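A short reminder: the numbers here are calculations on the coordinates, not readings from a lab. Quick caveat: nothing in here was measured; it's all calculated off a predicted structure. Here the Cβ positions follow ideal geometry from the backbone for every residue, glycine too, while neighbour counts run over all protein chains shown.
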């Protein structure tokens, strides 16, 4: 596996951020991507802002020696709870998340309706943070927002359950029914795992509700930022291409169970991956004490 | 809150171990209990032996200054993956878990049948560890064992879903049906969360299957160990008493979100608790570097 320095860093608590990587590789096929999945401490969705912020700061500090061109927090919970604090800690480093692009897309999808109703499904922590409410109301103060924490969806997806499983259907119906009663115009999938169930969600909602995939929006946002900043690698054009036209590499680091990550990754990424490398959580803590950042040597 | 030194330490990834505390307080009402819930890094059930062992060792090392009389690993996953390694690390410290007592009780419940069929439901990691298979086959080599990983049960319980929820019933039926087809005699609840759904599990299984609660068995095992070792506090008798006859204290430490822990605790413990104290995960790592164990002062 070859990888240049200055990759795009994508980080997440586990596997979900690979849906962002999938979308990124479509729009930026020549970029090298360094993915970090914090599988020893996942999930983030039931944890506090202080804890999640600390975790994300540790990961970014650990990856700094590879000189990231851009850091993507590909996790709605981490974005919602930690992005402003993390940006302040690493001033000068371009860092983006999934909430703003998702909120922007939701407004576009709501169209010209005076009082659009926008639903958001997400983890308990994302809902509590009010990050989507702030991001949407900053643009459309009259949008009516409906929030639904959907803590079972990540475990259902991680267990490998398919949309044909009656348990998946029942869970989605229980979560979506209260939202549908309010005549929703748009539903934001506010967790990077959820696109896995998009097809069934769209079936349950019917054709009158637009579904926004925050992973796809996040990737488009990063592509635009890099293009605007003249930072696209080797001046290659930004255009969708098929998987086999990739020239950028993907390198994955995880804090636990590389085998499980490799086995489940194709469901999120659409293609197989090389074996991920293991980073002990101890390394994330050690840097703060010794001042020395340890990073596996780039091949 | 008063607490003497030399408490019984009970540790778990989160809330589940409180079912063990509840049973412990029934059989040892005069003992002070120090509970540690590693809520910043929960759950353990999808993680590897190396990672879980490291987490448990950090917690015990952190609590050593309070001179535990006995340490209970009140989590099936942590017991299954880490107990032998942790005992080796802290030689001389009495440490027990939930798997051996659960296995023993399953054998007793299987009675005199020559080839009893024993089912075990547990986390993915507990099932993979084969700890129950070893513990049962050591005593009854001809027992036929049926294993079912049930990764959704903890998230269902943590979301606060009741046994009347159709989603809970469907999930339990999906998990238990394959086991019931094999004419099971005994079912072990191999996770300290699962007693919350015991009533519904027993309804689904019918009266021909004995259900073993590893939390209750674990508490009885600790009481017996302390009694045998002459270590019961102040020579008080071991006898079941009502909650209001407690003289022992309960002090809870958590690595994240004390408010959530306090809110959900009564479901597992049966009574309200004092606000838990927060321990930063950083403290668990720092001790290994500085050699200095930091522990909040006992009140």
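Adding -39500 (n - 2.57) for every DSSP H run of four residues or longer, then dividing by how many residues chain A holds, sets the calculated 222 nm ellipticity at -13000 deg cm²/dmol.
A Förster radius of 22 Å, combined with the Cβ-Cβ distance separating residue A:272 from residue A:198, puts the computed FRET efficiency at roughly 0.50.
The angle between the Cα long axis of helix A:281-290 and the longest principal axis of the Cα atoms of chain A comes to about 60 degrees, rounded to the nearest 10. For helix A:214-228, what angle does its Cα long axis make with the longest principal axis of chain A, in degrees from 0 to 90 and rounded to 10? Compared with the principal axis, the helix lies near 50 degrees. For residue B:277, the label point sits 7 Å beyond Cα toward Cβ; its separations from the matching points on the remaining copies run 4.0 nm, from shortest to longest. Each label was represented as a point 7 Å from its Cα along the Cα-to-Cβ direction; for residue A:114 and residue B:263 these points are 3.7 nm apart. Between residue B:162 and residue B:88, the simple spin-label model (points 7 angstrom out along Cα→Cβ) gives 4.8 nm.
Each distinct pair of alpha carbons in the protein assembly as shown adds a 1/r term; the inverse of their mean, the Kirkwood radius, is 25.4 Å. Within 10 Å of the Cβ of each residue in B:41-48, the mean number of Cβ atoms contributed by other protein chains is 5. Connecting C-alpha atoms closer than 10 Å in a GNM of chain A, tell me which of A:148, A:174, A:134 has the biggest fluctuation. Per the Cα network of chain A with a 10 Å cutoff, A:174 tops the list.
A point 7 Å from Cα along Cα→Cβ stands in for residue A:225, and the other copies hold the same point at 5.1 nm, listed in rising order. Each copy carries residue A:85; placing its label point 7 Å along the C-beta direction from Cα gives inter-copy distances of 3.0 nm, listed from smallest up.
The C-alpha radius of gyration of region A:1-131, expressed as a fraction of 2.2 N^0.38 Å, stands at 1.09.
Residues of region B:32-52 falling in the label zone of residue B:227, defined by backbone nitrogen less than 18 Å from a point 7 Å along Cα to beta-carbon, are B:32.
Helix A:258-269 and the longest principal axis of the Cα set of chain A meet at an angle near 50°.
Mean projected area of the convex hull spanned by the Cα atoms of chain B, taken over all viewing directions: 15.0 nm².
Largest mean-square fluctuation among B:123, B:79, B:249, in a Gaussian network model of chain B whose springs join Cα atoms under 10 Å apart, belongs to B:249.
The stretch between residue B:144 and residue B:208, if pulled fully straight at 0.36 nm per residue, gains 21.4 nm over its current Cα-Cα span. Take each peptide in B:186-194, B:217-225, count the other Cβ atoms within 10 Å of every residue, and average; sorted highest first, the result is B:186-194, B:217-225. Treating each Cα of region A:99-214 as one equal point scatterer and applying the Debye formula with no solvent, the log10 of I(q)/I(0) at q = 0.14 Å⁻¹ comes out as -0.51. For the residues B:59, B:73, B:204, a GNM of chain B with alpha-carbon springs under 10 Å puts the largest fluctuation on B:204.
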